[in-house]
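I have placed the structure first, in the form of structure tokens, so that the comments after it can refer back to it.
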Amino acid sequence: MGTIPAKKKKNAGNSITKHKKEEAPIVNNKNINDSFLSGDDDSEDVDEFVISGESSSDNSDDDNPLQDDFLAGSGTDNDDDDEEQGNKESDSDDSDVSDIERESKAIDDERARQEKEAEKELQINIQEESDEFRLPTQEELEIEAVGPPDLSGLQRRIKEIVRVLSKFRSLKQEGTDRKDYTDQLQKDFSSYYGYNEFLIGMLMEMFQVVELYELIEAFEKTRPMFIRTNTLKTRRRDLADTLLNRGVNLDPLKWSKVGLQIHDSQVPIGATPEYMAGHYMLQSASSFLPVMALAPKEKESIVDMAAAPGGKTTYIASHMKNTGLLFANEMKKQRLHSLSANISRMGVTNTVVINYDGRELPKILGANSRDRVLLDAPCSGTGVISKDGSVKSSKSFEDIQKCAHLQQQLLLAAIDLVDANSKTGGYVVYSTCSIMVMENEAVVDYALKKRNVKLVSCGLDFGEKGFVNFRQYQFHPSLTMTRRYYPHMHNLDGFFVAKLKKVSNTNPTPKSDVPSEIVGKDVDVSDEEDADELKSKKRQREEDDKQQENGDLSDTKKKGTRKTAIKENGKEESPPKKRKKRVFPSREEVSKAREEKRNMLREEKRNKLNEEKRNMVKEGKKEGLRKKKVDGKKKGGK
């Protein structure tokens, strides 16, 4: 009976020894350190334990009964074992805490990694979906047309089409060509931004799709506010200091010596004491450009053909320092008041305000009599859509054509005003607030053909070059000297500026070495009067031909010499008549006819003016005689 517990003890001892063999180094070191620190007498037992451990490690036989008995040990040894077990449990608790922290950190890292991978995968999926953009089908478009407009969907589709067209080869949809995308983009532009078909079509022909999208977006934003310093009364630095003290946030305009950009203001800019005193003018920065290109000088004779409301006129006067003579012409009477008010407020004293049609100014002011002329021509306003949004839907091809026709006549009149032999001048500046080629490059190209002028540099440091070709039209190569300004590039209103130098006061004679029939087809009838003249000549020639034919027939009837041929059934048939070729007048004849008619009109007007003067003189004389008679009667009565 006593042997059974011994066996159990032996088995327990074996299990303890096996466990201690695995972690012997840690336990021994810990117990040794504890014994040294505590200074107990158990150090001898520890030494014996260490020695027995070393001896047990030397023995290769694990079933040694002495070893088992020794490890089973006495009560003191069991107490030491319990202490060691407690230390192990505390160490295991600490290790468990560190393991939990380590595992939680690993879980957090894994979760963060998975979130990053998910985000990356989402971006890849979005990119793949955008790369696979497909045009809407006809059924989808019909559904869109029935329902209310989806503005966010339209904007997203516009951006996608612009992106595809910018990298068309790699992003295009299979089975589609560029025209499909551009047609859809044109419809979306019209629907989203409100442009009519003609205007958006013209813009798409002028610009690349990416630049066009930027231009249209820029038209939807307002341009910054600018003021121009009146150097006749103050300096820019002094004006800026005064306005800053009034709570105006401003910056100087870099490319101008007199311009200031207004960011915001605590006072109304158009009602400050400085504005009332004429120290500055509210004016768009694009309006500075024509005057800078004209470069007026002191003591010159200059004409501003379309002057209202007076911003450019007063700028010219400040360049001239109130010397010389400046004519400010405005055709519309209702705009004369604002023009005169601004001239007076700005302290301009060398300007004469006149009210005439600009096409008649060479007859009124005298041809070849001025040093410089500024023509800021009336136009369609396609460069200032941000100010007048109605232009997007109201302008048509006929409107642009009418403006271009008027601009051609005004530019020819401006050239006729300038004296080519002027010592300081002989320049004409043509400008518009339009970006249409028909109103800009085409008009200047027309003037180059009709008058002895050439294009010169505008003297402006920035701006895009003008078009040399557009559609089927080829313009003069020197049109690269003209300058274009766009809101998305320069943060200005859309503008065009060209500077011409008059070479000779005589007009060029058209040379024609080709047959008259072909020349007749190429004749450019620019004036309505010339067109009516040609039509009347054609009618007259047709009537003469008919009368001549009728006269020939009557003569042949009288003489009885008409030739007839007897055919079947005894019927007579007259011989076929030869149709005469219509002869068109040559260019020289047309130009001569024009000059004769113009001379006649001039003579008629001169005669009318002379008659009016004579009548005025006669009336004056009569009034004078009446006054003399009355005075004589008064004296006689006295």
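The values are calculated or read from the model by the stated rules, or taken from the named source; none is laboratory data. The model shown is predicted, which means the values in this text are computed figures rather than measured ones. Note that we place each Cβ from the backbone using ideal geometry, even for glycine, and neighbour counts take in every protein chain shown. Ligands, DNA and RNA are excluded from the accessible area calculation, which covers all protein heavy atoms including side chains. Shrake-Rupley method; radii C 1.70, N 1.55, O 1.52, S 1.80 Å.
The table below gives the values:
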{"read-out": "Theoretical FRET efficiency, 1/(1+(r/R0)^6), r = Cβ-Cβ of residue 461 and residue 597, R0 51 Å, to 0.05", "value": "0.65"}
{"read-out": "Solvent-accessible ranking of 98, 344, 286, largest area first, probe 1.4 Å", "value": "344, 98, 286"}
{"read-out": "Point-to-point label distance, residue 166-residue 588, nm (Cα→Cβ direction, 7 Å offset)", "value": "5.9 nm"}
{"read-out": "Estimated distance in nm for a label pair at residue 112 and residue 468, the labels positioned 7 Å out from Cα along Cα-to-Cβ", "value": "6.0 nm"}
{"read-out": "Solvent-accessible ranking of 406, 417, largest area first, probe 1.4 Å", "value": "406, 417"}
{"read-out": "Heavy atoms of residue 397 accessible to a 1.4 Å probe, total area in Å² rounded to 10", "value": "80 Å²"}
{"read-out": "R0 of 35 Å, Cβ-Cβ distance residue 145-residue 390: FRET efficiency to nearest 0.05", "value": "0.90"}
{"read-out": "Largest-first ordering by accessible area, 1.4 Å probe, given options 356, 315", "value": "356, 315"}
{"read-out": "In Å², nearest 10: area of residue 320 left accessible to a 1.4 Å probe", "value": "0 Å²"}
{"read-out": "C-alpha center-to-center spacing [the stretch 409-462, the stretch 314-392] in angstrom", "value": "16 Å"}
{"read-out": "Debye, to nearest 20: dipole size of the stretch 112-212, +1 on Lys, Arg Cβ, -1 on Asp, Glu Cβ", "value": "420 debye"}
{"read-out": "Estimated FRET transfer efficiency when R0 is 22 angstrom, pair residue 509-residue 609 (beta carbons, to 0.05)", "value": "0.10"}
{"read-out": "Euclidean distance between Cα centres, the stretch 595-616 to the stretch 482-510, Å", "value": "35 Å"}
{"read-out": "Nearest-10 value in Å² for the accessible area of residue 275, using the 1.4 Å probe", "value": "40 Å²"}
{"read-out": "For the stretch 229-316: relative contact order, % (alpha-carbon pairs under 8 angstrom, 6 or more apart)", "value": "25 percent"}
{"read-out": "Net length gained if the chain between residue 476 and residue 179 were fully extended (0.36 nm per residue, minus Cα distance)", "value": "103.9 nm"}
{"read-out": "The stretch 177-307: mean projected area of Cα convex hull, nm²", "value": "11.6 nm²"}
{"read-out": "Spin-label pair residue 332/residue 349, simplified geometry with 7 Å Cα→Cβ offset, distance in nm", "value": "3.2 nm"}
